[in-house]
Amino acid sequence: MRGSQGEWMNKSIVVSVLMIGLTSTLSFAQTAIGGSVTSVPTDAVAQSYVIGPDDTLHISVWKENDLTATLPVRADGMISLPLLNDVQAAGLTPMQLAADLTVKLKKYVTDPRVTVVVTAMNSQRVYVLGEVMHTGPMNLLPHMTVLQALATAGFTQFANTKKIYVLRTENGKQNKIPVNYKELIKGEAMSQNMVLKPGDTVVVP
């Protein structure tokens, strides 16, 4: 009986320590310049995403329902919020925007806790043209490769999958980068399975 009680106490201590550690970690992650700033999701990809026009943001201020809203980023890169009016959003990451809003809201709210979530990433696009089932712009997901874009677009029966290429503009110069789809799906020439950048055009002849 004493052994069972001792085991139960040891398990309780372990659980308590784990809970304290988890609480401390969460508290540390939520603390930023003078207020609590959170960007959701908190993975590195989401934090590095740069907001642009046509993106949709959900901005939440804890316990301030009147300041919580889901709204689009306008073509001029601005968003409109109660109390603050127009605020620059384009060019910032969700974390940076949350920090900026926290500073601005301190004039009106005590210890504002701001959460910024990108609910629709519409500003970053690539384009797929030629012998594909779905031509035109495609929303660029984080770390999307050319193979993933082709899988989404689909081929027509006339597609020449050996002569696909990506048009990419860098330093004002347009480059043509060849992509051999048949080699890629065999696991060959994987260097051609590049990560796409905003504005890239994938052409399937």
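The values are calculated or read from the model by the stated rules, or taken from the named source; none is laboratory data. None of the values given here were measured: they were computed from a predicted structure. Glycine gets a Cβ as well: all are built from the backbone with ideal geometry, and neighbour counts include every protein chain shown.
Which residue, of V103, V114, is in contact with a Leu (Cβ under 8 Å, 6 or more places away or on another chain), at pLDDT 90 or above and farther than 30 Å from P137 by Cα? Give the derivation first.
Details: V103 fails: in contact with a Leu (Cβ under 8 Å, 6 or more places away or on another chain).
Result of the check over V103, V114: V114.
Among the helices (runs of 4 or more DSSP H) confined wholly to segment 41-157, which include 3 or more residues that are touching a residue at least 60 places away in the same chain (Cβ under 8 Å) and surrounded by 15 or more Cβ atoms within 10 Å (Cβ to Cβ)?
Values: elements: 44-48, 94-105, 146-153.
Here the list reads 94-105.
Being surrounded by 14 or more Cβ atoms within 10 Å (Cβ to Cβ) and in contact with a Lys or Arg (Cβ under 7 Å, 6 or more places away or on another chain) is the requirement here; does I164 meet it? Don't jump to the end; show me each part of the working.
On the way: surrounded by 14 or more Cβ atoms within 10 Å (Cβ to Cβ): yes; in contact with a Lys or Arg (Cβ under 7 Å, 6 or more places away or on another chain): no.
In short, no.
Is it fair to say V204 is more than 26 Å from the chain's Cα centre (by Cα), farther than 22 Å from L57 by Cβ and either at pLDDT 90 or above or among the polar types (S, T, N, Q) (or both)? Walk me through it before giving the result.
On the way: more than 26 Å from the chain's Cα centre (by Cα): yes; farther than 22 Å from L57 by Cβ: yes; either at pLDDT 90 or above or among the polar types (S, T, N, Q) (or both): yes.
Judged against the criteria, V204 is a match.
All but one of (1) acidic (D, E); (2) closer than 30 Å to Q88 by Cβ; (3) surrounded by 12 or more Cβ atoms within 10 Å (Cβ to Cβ) hold for E170; which doesn't?
E170 satisfies all of (1) acidic (D, E); (2) closer than 30 Å to Q88 by Cβ; (3) surrounded by 12 or more Cβ atoms within 10 Å (Cβ to Cβ) except (3).
Within segment 173-197, which residues are loosely packed, with under 14 Cβ neighbours inside 10 Å and within 20 Å of G154 (Cα to Cα)?
P178, K182, I185, K186, G187, M190, V195
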